[in-house]
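*Asks:* Following this message is one structure expressed as structure tokens.
Rule-based calculations on the coordinates, nothing more; no lab input. Just so it is clear, the structure is predicted and the values come from calculations on it, not from any experiment. Quick reminder, even Gly has a Cβ in these numbers, built from the backbone with ideal geometry, and neighbours come from all protein chains shown.
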Amino acid sequence: MTRFDSQNDRSGDQSDLPQPPRWAQRLISWYCRPDLLEDLQGDLNEYFERNLKAKGAKRARLIYCLDALKFFRLYTIRKPDFLNLFIHWIMIGSYLKTSRRSLVRNKLFSFINIFGLAVSMSVGLLVISLISDFLSYDDFQLKKDRTYRVITTFQNVDQPAVELASTSVKVGRKIRETVAGVEDLTILRNGFSGDAHVGETVVPFGAFWADNSFFKVFTFPLLKGDPATALKEPYSLVLTEKTAKKLFGDVDPLGKSIRFDSLNYTVTGVAKDVPKLSHVRFDALVSFATADALLAKADPNFYSWENVWQNYVYMVLPENSDPESVQAILDKLNTKENAAIKNKKFTVALQPLNKVVLSKRLDNSIGPTMMPIVIWILGGLAFVIILSACFNYTNLSIARSLRRSREVGIRKIIGAMKSHVLGQFMAESVIIALLALVFSFGLFLFLRTQFLALDPHIGDLVVLDLSPRIILYFLVFAIVVGLAAGFLPALFFSRINALQVIKDVSTVKVFQRVSMRKALIVIQYTFSLIFIATTLIGYNQYRGLVLFDLGFTTENILNISMQGNKGNVLAKELSEIPSVREVSQSLMITSLGSIHGTTMKYTDPRDSAMVWLNLVDEHYLPVHNHKLVAGKNFTLRPKKGEESEIIVNEQVLKRFNIAKRDPEKALGKVVTVDGNKLTIVGVLKDFHYGTMEKKIEPVMFRYSSDEPWGYLNVKIAPTDLPATMASIDNVWRKIDKIHPLEAKFYDDQIELAYSQFSVMVKVIGFIAFLAICIASLGLFGMVVFTTETRLKEISIRKVLGATEGGLVFLLSKGFLGLLLIASLVALPATYFFFDKVVLTNFAYHQPIGLSELLIGVVMVMVLAFLLIGSQTLKAARKNPANVLKSE
């Protein structure tokens, strides 16, 4: 047989010869079966070539068209696609109808499956929303994928390295000078604050200093002003919409002046309010040229390589550029600059903008961060809860196999293939998951509110708002959960032998899956016990951290932020309140996580170390009941420039081996701090300056003449606290009519400092509660099924003389044995994980008690025994005559 196109190949170029009508060729391709199409087209093309030579082009085309119509016959017609689709939809309709009937017929099992999946999926929806929010940070930045932050690792000799989100101004300027190919670079500095005066309006104000490239690097649209020049001149600033409204109302702020102290600043732009999911958050920006004019003149180290504490550098690289090549240049810059520094090292590196939020927390961060391990933990907890609900579905579905095997056998006999049965049970599982999604969405809305209320900082991190993308994630999530839950049951039913089932349903090898069902129950309760033990251990550790002896007193001490006011005036006014016992002043509040340090030297000028610092007055030690092991307290405030005394803790003596660590002999020794020669007048018993994760480190107290102080520490009588707070508020309003009183009790601040542990304990405790509920629901379903299938056995045993207690024990021992196995797995695993992994990160922690491990086991055993016992007792009390009368 010769095709027409082959003839063309042998005859040379015959592209000018007449061709068969195209519509007839398309008609044949449309109706002809694929297995006949090639032969039919070849024959018709051969006939067309012969007729073309013998009868001419016109008649050859006519005959071709008639032949194309003539072969439109039943045996040549392909099966219509719509018929396959129709059959497919009929099958889906059958699946849906069968699934609905099965759900209605088995109400208890359906409730257990839907409720368990709904509860577990609600946690999954919450985790999806959390992850979506964290991954969406800075998405509005058009150059996000090409933007990098320069971070710094600082290390002093003999001390661990500290990673900082900040860097020096010099780094930014050096990159501009030496790194070719950087598209844009901007330098920020935090710390601008004061009271903004606009006419009679006075508003507390905070801002970043930012250079003129800020709006080239970041996508913060200006509603008013020119982004190219808004931050160019000194004493110019850009406000956000919200800040502009607060200061100027409905008046156009552009070109208006704002006074800070004695200086006037001009508003050169108004930016849209910063989106919540932005790690750079500001209410206003002041031109960096202002910092050059004000700060650089007053601070000779402003442009120093070592001044890394308040500055931030961001750069944008060109498309398809290699960050590694830029990092190589920075490494050379590190080597060059550090060569001129002794005993310290500052190393700068690039951090992609899309990893700023989801990364380990760096010191001096200017935006929210979340360690990826937290997301992994939350995701893992949600996965375990969902897995537990899927186990319930698998267990109950396979347990009911004897009832549904005959249905599957009949379907196979009338023509259903293995794939049809698989599809039916997968569809049923997906339907249950989608029904569960409806309920889980309501639970999610409730959980979202409760989750955001766990800690005030959570609301600053995430929004958890619904969007079309999130809803799509939810739907996909539900379908995936349905497929995962239904896979094993569907696979089991699809392998059933139809003839064997119809002949004798009892021959189905369901009991091959008994060991798997037992394993699933053990796994469920193992996770449940781990969660309970983790909650109890975590709570005990949290309370231990909060109540730990810090080495000084915090009870009934109210810390008041001075907000720029002079402390002496306020301290004098507060002292006149009868319930105020003592008042001291300090630069900062210790033991909350904030740190401030400076370099100390002893006799060897080459040996320096970072020593943590707090500036205090002579009342501070008595107010906080710090214990002096040698020496005396400060006496009088030194005059400006005449500071001469210092008080250190025992760790300072150990670090520098002062007087062979003898506190009495260390008195009178001179140390050098910030170039000042200071005499040790007192040695304090060691106390916790930082948080409990860290060991006690060297700390010094200095008495500075500088004002203003950071805080007043007010010790008050515990009686009638509301009246005392009202009196303190009245005093504050007399001193400061602009700023509201910011006062917190020390004990409350400590609890807040460890609030992340409290939140984690609450979350894990809630997960433990859900895990127990879901596992117990599954156990309840299995007990109900087991007692129903063993009713005749129970009745026969009762007729033969078995007691109700003996029957309860007989039916309960198998399940209680599984729980015992779960306990033997869970408790050692939990103890090992905390003892060898988690608590090693805490220098001071509570020992793990036996009660924390066993309380969960007792709770689970009692709950399980009540569930098992109630159902088995119910079955044991049935009248054997009613059960066996049909036999």
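*Asks:* So what is the relative contact order of the chain, in percent, for Cα pairs below 8 Å that sit 6 or more residues apart?
*Replies:* It comes to 13 percent, rounded to a whole number.
*Asks:* Now a separate question. I'd like the distance separating the alpha-carbon centroids of segment 731-777 and segment 643-668, in whole Å.
*Replies:* Answer, in whole Å: 38.
*Asks:* Also: Check which residues have an amide H placed less than 5 Å from Ala271's amide H, if you skip close sequence neighbours.
*Replies:* Distant-sequence amide H within range of Ala271: Leu223, Leu239, Thr240, Glu241.
*Asks:* Further question: Would you please put 533-545, 296-308 in order of how densely packed they are, using the mean number of other Cβ atoms within 10 angstrom per residue and starting with the highest?
*Replies:* Ranking the peptides 533-545, 296-308 by packing returns 533-545, 296-308.
*Asks:* Out of residues 5 or more away from Thr553 or on other chains, whose amide H comes under 5 Å of its own, with H placed 1.01 Å from N in the peptide plane?
*Replies:* Asn625, His626
*Asks:* Counting alpha carbon pairs within less than 8 Å and at least 6 residues apart, what relative contact order, in whole percent, applies to segment 144-355?
*Replies:* 36 percent
*Asks:* Another one. Please arrange Tyr602, Tyr525, Tyr312, Tyr64 by counting, for each residue, the other beta carbons lying within 10 Å of its beta carbon, fewest first.
*Replies:* Listed from fewest to most nearby Cβ atoms, that is Tyr602, Tyr64, Tyr312, Tyr525.
*Asks:* Further, regarding this structure: Taking +1 at the Cβ of each Lys and Arg and -1 at the Cβ of each Asp and Glu, which of Leu712, Gly269, Ile385 sits farthest along the dipole of the chain towards its positive end, judged by Cα position relative to the Cα centre?
*Replies:* Ile385
*Asks:* Residue by residue, what Karplus-based ³J(HN,Hα) values in Hz, rounded to whole numbers, does segment 116-123 have, using 6.51, -1.76 and 1.60 with θ = phi - 60° and x for Gly and Pro?
*Replies:* So the Karplus estimates, Gly and Pro as x, are x, 5, 4, 5, 5, 5, 4, 5 Hz.
*Asks:* Defining a contact as two alpha carbons under 8 Å apart and six or more residues distant in sequence, what relative contact order in percent does segment 564-741 show?
*Replies:* 33 percent
*Asks:* Residue by residue, what Karplus-based ³J(HN,Hα) values in Hz, rounded to whole numbers, does segment 445-452 have, using 6.51, -1.76 and 1.60 with θ = phi - 60° and x for Gly and Pro?
*Replies:* Result, ordered by residue: 4, 5, 4, 4, 4, 5, 5, 5 Hz.
*Asks:* Using a simple spin-label model with points 7 Å from Cα along the Cα→Cβ vector, what separation in nm is obtained for Glu576 and Val670?
*Replies:* The answer from the label model is 4.5 nm.
*Asks:* Which of Phe834, Phe865 has the fewest other C-beta atoms within 10 Å, and how do the rest follow up to the most?
*Replies:* Ranking Phe834, Phe865 by Cβ neighbours within 10 Å, fewest first, gives Phe865, Phe834.
*Asks:* Taking the beta-carbon count within 10 Å as an exposure proxy, list Val583, Val670 from fewest neighbours to most.
*Replies:* Val670, Val583
*Asks:* Charges only on Cβ, +1 for Lys and Arg, -1 for Asp and Glu: so what's the dipole of the chain about the Cα centre, in debye to the nearest 20?
*Replies:* With only Lys, Arg, Asp and Glu charged at Cβ, the dipole is about 4520 debye.
*Asks:* In addition: Can you give me the long-range amide H partners of His279? Hydrogens built in the peptide plane at 1.01 Å from N, cutoff under 5 Å, separation of 5 or more residues or another chain.
*Replies:* Those qualifying (amide H under 5 Å, at least 5 residues apart or on another chain) are Asp138.
*Asks:* Now for a separate question. In degrees between 0 and 90, to the nearest 10, how far off the longest principal axis of the chain does helix 323-338 point, with axes built from Cα atoms?
*Replies:* Tilt of helix 323-338: around 20 degrees.
*Asks:* Then there is this: What value, in deg cm²/dmol to 500, does the helix sum -39500 (n - 2.57) over DSSP H runs of n ≥ 4 give at 222 nm once divided by the residues of the chain?
*Replies:* Here the helix-only value at 222 nm equals -17000 deg cm²/dmol.
*Asks:* Would you mind working out the magnitude of the charge dipole of segment 245-390 relative to its Cα centre, with +1 at each Lys and Arg C-beta and -1 at each Asp and Glu C-beta, to the nearest 20 Debye?
*Replies:* For segment 245-390, the charge dipole is close to 340 debye.
*Asks:* If r is the Cβ-Cβ distance from Leu263 to Phe769 and R0 is 56 Å, what FRET efficiency results, to the nearest 0.05?
*Replies:* 0.45
*Asks:* So, by mean Cβ neighbours within 10 angstrom, what's the order for 738-746, 382-390, 605-613, 184-192 with the highest one leading?
*Replies:* Result, highest mean Cβ count within 10 Å first: 382-390, 184-192, 605-613, 738-746.
*Asks:* Right, next: If packing is taken as the average count of other Cβ atoms within 10 Å, what order do 526-532, 426-432 fall into, highest mean first?
*Replies:* So the peptides 526-532, 426-432, ranked by packing, come out 526-532, 426-432.
*Asks:* With each pseudo-label sitting 7 Å past Cα toward Cβ, what's the Leu873-Phe548 distance in nm, one decimal?
*Replies:* Rounded to a tenth, the inter-label distance reads 4.7 nm.
*Asks:* Tell me, what ³J(HN,Hα) does each residue in segment 267-281 have, in order and in whole Hz, if you take phi through Karplus 6.51 cos²θ - 1.76 cosθ + 1.60 with θ = phi - 60° and put x for Gly and Pro?
*Replies:* 6, 10, x, 10, 9, 4, 4, 5, x, 5, 8, 10, 7, 9, 10
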